[in-house]
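Please treat every number below as a calculation from the coordinates, not as lab data. Since the structure is predicted, the reported quantities are computational estimates derived from the model, not experimental observations. Counting neighbours? That spans all protein chains shown, and the Cβs are built from the backbone with ideal geometry, glycine included.
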Amino acid sequence: MKRLIPAMLAATALAGPALAADTVTLQLKWVTQAQFAGYYVAEEQGFYDEEGLDVTIKPGGPDIGPSQVLAGGGADVIIDWMPSALAAREKGLALVNIAQPFKSSGMMLTCLKESGVASPADFKGKTLGVWFYGNEYPFLSWMATLGIPTTGGADGVEVLKQGFNVDPLLQKQAACISTMTYNEYWQVIDAGIKPEDLVTFKYEDEGVATLEDGLYVMEDKLKDPAFKEKMVKFVRASMKGWKWAEEHPDDAAMIVLDNDETGAQTEKHQKRMMGEVAKLTAGSNGALDPADYERTVKILLGGGSDPVISKEPSGAYTLDITDAALK
């Protein structure tokens with residue numbers, strides 16, 4: 001990421017802590033990819049600079065829990081899905097949603113047509129691949145809504161703890177696996193399986209979609225007016241980045257590639273991903289829609305005998321930041 005140039009360093013030394021307070025560290029939920037394009041665009045296009053911010057973007061990975069990074073002081077703001085954020089809040093980690101760049105969910109189950117799954121009723125008796133580490137909550141709530149036990153048997157489903165790959169479907173260990181519209185689905189296609197040989201069930205279409213990729217901070221930090229103002233600037237610049245990415249998807253994908261220090265990402269995959277991600281951020285100005293929040297809470301409370309959260313959360317989001325950012 002961009003670093004302070006010598007002249008700015010000198011200014012910082014003269015001005016004292018005022019400029020230093022404008023550093024922001026963002027922890028991503030996953031590795032550098034177009035899922036997070038808005039933030040890389042905001043950095044590259046100078047939107048953070050315009051707000052007087054020096055932003056460090058930390059990639060995530062399979063062994064990185066954003067909420068743990070936040071709790072440990074390793075980031076000022078994180079990207080997380082609301083189910084895991086609300087579950088963490090109920091367990092005592094006071095996460096607060098300050099903005100919601102993703103309006104829609106990209107989560108779905110992707111099934112092999114040959115497995116005999118044509119509708120959710122056909123899940124019974126099948127093995128389904130599910131991501132864990134906080135990503136299982138939407139699935140478990142969906143199964144509870146359908147009245148399908150997740151303990152196996154002829155009337156239930158066998159849950160396979162799925163790694164962050166599509167191998168269980170390719171190797172026919174599972175009839176269906178968890179995929180995102182912008183990522184794993186295309187990995188299945190790239191592996192040689194034709195779209196017509198697949199059946200997909202989008203959580204949005206099934207009425208069980210929960211909010212993904214929101215921005216979260218620690219509740220006690222919001223008591224500091226300087227921190228709040230910094231987050232207003234960060235959200236305003238980040239949303240500029242997202243809207244630019246929606247309008248220039250291929251250019252945004254290339255900016256992401258430029259920031260991928262692993263070299264693991266490809267131009268084809270990132271451009272395709274950005275096209276799909278733009279569908280999920282479309283319609284959001286950054287402000288959380290309380291109706292979307294209520295829907296997510298209702299789904300998480302509806303988990304049968306083992307709901308994701310046991311009671312209505314209180315103080316789990318604030319509109320103060322986006323209200324100020326959108327003025």
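List of remarks:
- Rounded to the nearest 20, the size of the Cβ-charge dipole of the range 107-206 about its Cα centre is 160 debye, with Lys and Arg at +1 and Asp and Glu at -1.
- For the range 179-195, 3J(HN,Hα) per residue [Karplus equation, 6.51 cos²θ - 1.76 cosθ + 1.60, θ = phi - 60°, Hz, x = Gly/Pro]: 9, 9, 4, 9, 9, 5, 4, 6, 5, 5, 4, 5, 7, x, 8, 7, x
- Using only side-chain charges placed at the Cβ, +1 for Lys and Arg and -1 for Asp and Glu, the dipole size of the chain relative to its Cα centre rounds to 340 debye.
- Candidates G74, G38, G92, ranked by Gaussian network fluctuation over the chain, Cα under 10 Å, top entry: G92
- Enclosed volume per residue, in Å³, of the convex hull spanned by Cα atoms of the chain: 132 Å³
- Spacing of the modelled spin labels on A191 and L326, each 7 Å from Cα toward Cβ, amounts to 4.0 nm.
- Stretch gain in nm, segment D155-Y133, where the contour uses 0.36 nm per residue and the Cα spacing is subtracted: 5.3 nm
- Additional length obtainable on full extension of the chain from A118 to Q173, 0.36 nm per residue less Cα span: 18.0 nm
- The base-10 log of I(q)/I(0) for the range 107-206, evaluated at q = 0.12, 0.17 Å⁻¹, reads -0.32, -0.68 [Debye formula, identical scatterers on Cα atoms, solvent excluded].
- Using distinct alpha-carbon pairs, which all enter the 1/r mean, Kirkwood radius of the range 241-327 in Å: 15.9 Å
- Of the residues A118, G147, T179, the one whose Cα sits farthest towards the positive end of the charge dipole of the range 107-206 is G147 (charges of +1 on Lys and Arg Cβ, -1 on Asp and Glu Cβ, taken about the Cα centre).
- Helix 6-15 axis versus longest C-alpha principal axis of the chain: approximately 70°, rounded to the nearest ten.
- Classification of the range 135-180 by its C-alpha gyration tensor yields an oblate form. The axis ratio a/c (a ≥ b ≥ c) is 1.5 or more, and b/c is at least a/b.
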